[in-house]
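One structure is given here, and the rest of the page talks about it.
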Amino acid sequence: MELSALYKCVIGLDVHQAQITACALIQQPDGSTRIEQRQFGGFARDRRELADWAASLHPDEVVMESTGIYWKSPYAALEAVGIRAKVVNARHVKHVPGRKTDVGDAHWLAMLARAGLLRASFVPPAALRELRLIARQRQKLVGQLASEKNRLHKVLTDSGIRLGVVVSDLHGQSARAMVKAIIAGQAPQQVINLASRRLKASREEIFDALQGDLTASHRFVLDELMQHIEEIEARIDRFDVRLLAGLESERGTLALLQTIPGVDLIGAAMLLVEIGSDMGAFGSADRLASWVGVCPGNNESAGKRKSGHTRKGNPYVRRLLCEFAHAASRTTSVFKSKFQALVVRRGYKRAIIAIGHKILRTLFFMLKRREHYRDCATDYEALSVQRNAPRWIKALTKFGFITPASA
């Protein structure tokens, strides 16, 4: 296969857990091409040897596939010697069937890179890559916490206790105090005294909900679950502190992101470590949405539009966007009106993905222009005055600034 050469020296890397196969295509002064192939192990000394060998060739391009997490260590080793490798999507470099070998893959990568046919995937700076470890582990902990909370609810229900019927949040301050009292074996009357006065349920309803057959096994499992839940919550708090400390230099960007309805401080921090603050790395909002995997697919043949389901992308960003969309759909903003228009004809899940897509595109232009969010359908200043005017007038009247008649 003949391809026009744009670069004189390129290196293709086929990366696996225990082996890295390298193929260098080097253009000679007489116009011929010399092929140099090497194999390296997967240990630290082997990665240093790979980086030294690549640096000695002074390549124009170094490319590798994004094979799971195995590319990260060789990428860091190359970065340490001043080589910024291209990490490419495996779907873009699929090899011809029947010629699948490690050497063949490395050679194919080098050929495509030499012709300038490969587009690099987004790889954040080293500082953000380290913070990604913290943010992604935090997401795992949040999932574990939700699973344990659901399990505690099921165990209570299994014992006949219907506390979840009379409280809106089984893990609120009042409900958690009652659950701990139940585990400790206190009488229903003592447990009721711990209930908050703000609960809408009457004391008789709470008393009926506490009636059950709590065995020693139930109490043992509930006690272990409660300890595990509190341990995970404390662990999440430590992750939050470490994540925000690592983003101390990005305070302005975090404040900017929080102007979007549905985005809080931790959500903004977790999003920032995934996509970074430099939108020039993506080029356009469409590419960012495609990278995340929240835009509609493009599948058309013979003039017929077929299924356009979303493609696979960054699952961590997509999960955050869905959380933002759920929160934004309940705020006074253009996102709420768009959600209400879509949910009727497209369904709840598709509407949430569409709102997440809209939020991501909004984020892109905000970060690119360094401008805070301005809602096109809601004047928040007028809304704030409308909501707070009675309270302000009451306070001014109380302290004698205006008379009741003028108010």
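The values are calculated or read from the model by the stated rules, or taken from the named source; none is laboratory data. Small disclaimer: the values here were computed from a predicted structure and weren't measured. Cβ: placed from backbone, ideal geometry, glycine included. Neighbour counts: every protein chain shown. Accessible surface is based on the protein model in full, side chains and every heavy atom, while ligands, DNA and RNA are left aside. Shrake-Rupley method; radii C 1.70, N 1.55, O 1.52, S 1.80 Å.
Evaluation of Glu65 against the conditions (1) of a type outside the set (A, V, I, L, M, F, W, C); (2) touching a helix residue (DSSP H, G or I) at 6+ places or on another chain (Cβ under 9 Å); (3) at pLDDT 90 or above shows that the sole unmet condition is (3).
Residues satisfying the criterion are present in the range 26-44 (criterion: of a type in the set (Gly, Ala, Ser) and within 32 Å of the chain's Cα centre (by Cα)).
Quick one: which residue in Gly308, Gly280 is assigned to a loop (DSSP other than H, G, I, E, B) and either modelled with pLDDT of 90 or more or farther than 21 Å from Ser66 by Cα (or both)?
Gly308 is the lone residue from the list that is assigned to a loop (DSSP other than H, G, I, E, B) and either modelled with pLDDT of 90 or more or farther than 21 Å from Ser66 by Cα (or both).
Hey, among the residues in the range 311-340 that are open to solvent by 60 Å² or more (accessible area, probe 1.4 Å), closer than 20 Å to Phe122 by Cβ and in a loop (DSSP other than H, G, I, E, B), which one's modelled with the highest pLDDT? For the range 311-340, the residue satisfying everything is Lys312. Of the set (1) at pLDDT below 90; (2) farther than 17 Å from Asn150 by Cβ; (3) assigned to a helix (DSSP H, G or I), all apply to Ser196 but (3). The condition (being assigned to a helix (DSSP H, G or I), touching an Asp or Glu at 6+ places or on another chain (Cβ under 7 Å) and over 27 Å from Arg311 (Cα atoms)) is satisfied by just one residue among Leu78, Leu156, Leu145, Leu152: Leu145. Within the set Arg34, Arg91, the sole residue that is open to solvent by 40 Å² or more (accessible area, probe 1.4 Å) and either under 23 Å from Pro125 (Cα atoms) or not in a helix (DSSP H, G or I) (or both) turns out to be Arg34. Applying the condition of being touching a Lys or Arg at 6+ places or on another chain (Cβ under 7 Å) and either open to solvent by 60 Å² or more (accessible area, probe 1.4 Å) or among the β-branched types (Val, Ile, Thr) (or both) to the range 212-270 and asking which residue is nearest to Gly185 (Cα to Cα) yields Ile229. Reported count of residues in the range 286-305, each being in contact (Cβ under 8 Å) with a residue 60 or more places away in the chain and open to solvent by 10 Å² or more (accessible area, probe 1.4 Å), is 2. Would it be correct to say that Leu214 is under 17 Å from Leu152 (Cβ atoms) and without any contact (Cβ under 8 Å) to a residue 60 or more places away in the chain? Judged against the criteria, Leu214 is a match. Exactly one residue out of Leu288, Leu243, Leu256, Leu225 is part of a helix (DSSP H, G or I) and either aromatic (Phe, Trp, Tyr) or touching a His at 6+ places or on another chain (Cβ under 7 Å) (or both), and it is Leu256.
Given the criteria over 16 Å from Glu130 (Cβ atoms), within 17 Å of the chain's Cα centre (by Cα), of a type outside the set (Phe, Trp, Tyr) and part of a helix (DSSP H, G or I), does Ile266 qualify? Considered against the rule, which asks whether it is over 16 Å from Glu130 (Cβ atoms), within 17 Å of the chain's Cα centre (by Cα), of a type outside the set (Phe, Trp, Tyr) and part of a helix (DSSP H, G or I), Ile266 comes out as yes.
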